[in-house]
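The values are calculated or read from the model by the stated rules, or taken from the named source; none is laboratory data. Just so we're clear, the structure is a prediction, and the values are computed from it rather than from any experiment. With ideal geometry, Cβ positions are generated from the backbone for all residues, glycine too; neighbour counts draw on all protein chains shown. We work out accessible area using only protein heavy atoms, side chains counted, and drop any ligands, DNA or RNA first. Shrake-Rupley method; radii C 1.70, N 1.55, O 1.52, S 1.80 Å.
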Amino acid sequence: MPIGFIGLGNLGSAIAKRLSSVNEELIVYNRTVQKAQNLGLKIADSPKDLIEKCDTVFICMFDSTAVKNIFSMENGLLSASLKGKTIIDLSTNHYEDVLAFHDIVEHKEGAYLESPIFGSVMPALNGEVTIVASGKESVFKHCLPLLEKIGKAIFHLPQPSSASKMKLINNLCLGSFMTTIAECTALGEACNIDKSKLLEILGVGGGQSLVLKAKTQKLIDEDFSPHFSNDAINKDLHCVQELAYSLKRPLYSAAVPKELFSKMKMQGDGKEDFSSIYKLFKA
């Protein structure tokens, strides 16, 4: 039976291409039909139409608001019978909203696995993302063979919402690292150090990280076509601040990066890759 896939943004398209490349038959749905047509895959008329044709459906949306819409829209997922169906949600959801997604799917006798993706377009195309999943052990084991086709490192945190919280914690590192790397790059250039050489040295020095490895060429070329957008990291840093607030904890290192990415969004650069924060420091 084919696999369903909903949400063909930058990351979703990359994962759909990866699944197709390992010979999985896909039926897709996207609110913007042109994105689905560009992939050359079978297209469903609605989420309801898709899940009626597939036992397993991936969701990969920008945020929880978009996921809610896929569930509750006219001819959404909840308008179909979910008995015996499995929904694997790759979205970065709000840590509270995701609890409702577990409940509504289970109430309709379906299975829901919260499985946010750690990684962006290039690792997704190569099946090398990290996946942290939350949900019942039986559901996780059922989904694992599919997850292994798109992920290199896969973890299970059984308690619902744990994976979403872990994704926000990870993205605190991501946003903070990118901000520091961008500022270091601009500072080095102000010292008349060649940018390529500067980034090479940082790559074996204090800047050594997956973030720098992934974004070095983008910084050199100043090619900020989106793999992971300023809008996305801004949203995630806002959510991680809400998480800390709910725990009555301070969160010192999130504040400045979040406001810098807010500045990028405010000045109209929200759709660019989050490495474009470099422009704030270079200006």
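A few notes on this one:
- Subset of segment 96-154 (residues that are farther than 15 Å from L11 by Cβ and among the acidic types (D, E)): E96, D97, D103, E106, E109, E114, E137, E148
- Filter pass, S13 being within 18 Å of the chain's Cα centre (by Cα), of a type in the set (G, A, S) and either more than 19 Å from D89 (Cα to Cα) or crowded, with 22+ Cβ neighbours inside 10 Å (or both): yes
- Consider segment 102-133 and keep the residues that are open to solvent by 40 Å² or more (accessible area, probe 1.4 Å) and of a type in the set (A, V, I, L, M, F, W, C). The one that is nearest to K149 (Cα to Cα) is L125.
- If you go through segment 79-123 and keep only what is farther than 17 Å from H156 by Cβ, modelled with pLDDT of 95 or more, aliphatic (A, V, I, L, M) and not in a loop (DSSP other than H, G, I, E, B), you end up with L99, A100, I104, V105.
- Where a residue in segment 244-264 is under 11 Å from N230 (Cα atoms) and open to solvent by 60 Å² or more (accessible area, probe 1.4 Å) and its partner, wherever it lies, is assigned to a loop (DSSP other than H, G, I, E, B) and modelled with pLDDT of 95 or more, with Cβ under 9 Å and at least six apart: K263/D269
- Within segment 22-78, helices (runs of 4 or more DSSP H) holding 3 or more residues that are open to solvent by 10 Å² or more (accessible area, probe 1.4 Å) and modelled with pLDDT under 95: 33-39
- Of the criteria (1) of a type in the set (K, R); (2) outside any loop (DSSP other than H, G, I, E, B); (3) open to solvent by 70 Å² or more (accessible area, probe 1.4 Å), which one K271 fails: (2)
- Counting only residues that are open to solvent by less than 10 Å² (accessible area, probe 1.4 Å) and polar (S, T, N, Q), segment 87-98 holds 2 of them.
- Residues of segment 175-196 satisfying the condition of being under 20 Å from F224 (Cα atoms) and out of contact with any helix residue (DSSP H, G or I) (no Cβ under 7 Å at 6 or more places or on another chain): T180, L187, D194
- Helices (runs of 4 or more DSSP H) within segment 138-236 that include 3 or more residues touching a residue at least 40 places away in the same chain (Cβ under 8 Å) and open to solvent by less than 30 Å² (accessible area, probe 1.4 Å): 162-190, 210-221
- Filter result (closer than 16 Å to N69 by Cα and touching a residue at least 60 places away in the same chain (Cβ under 8 Å)) within segment 1-46: I6, G7
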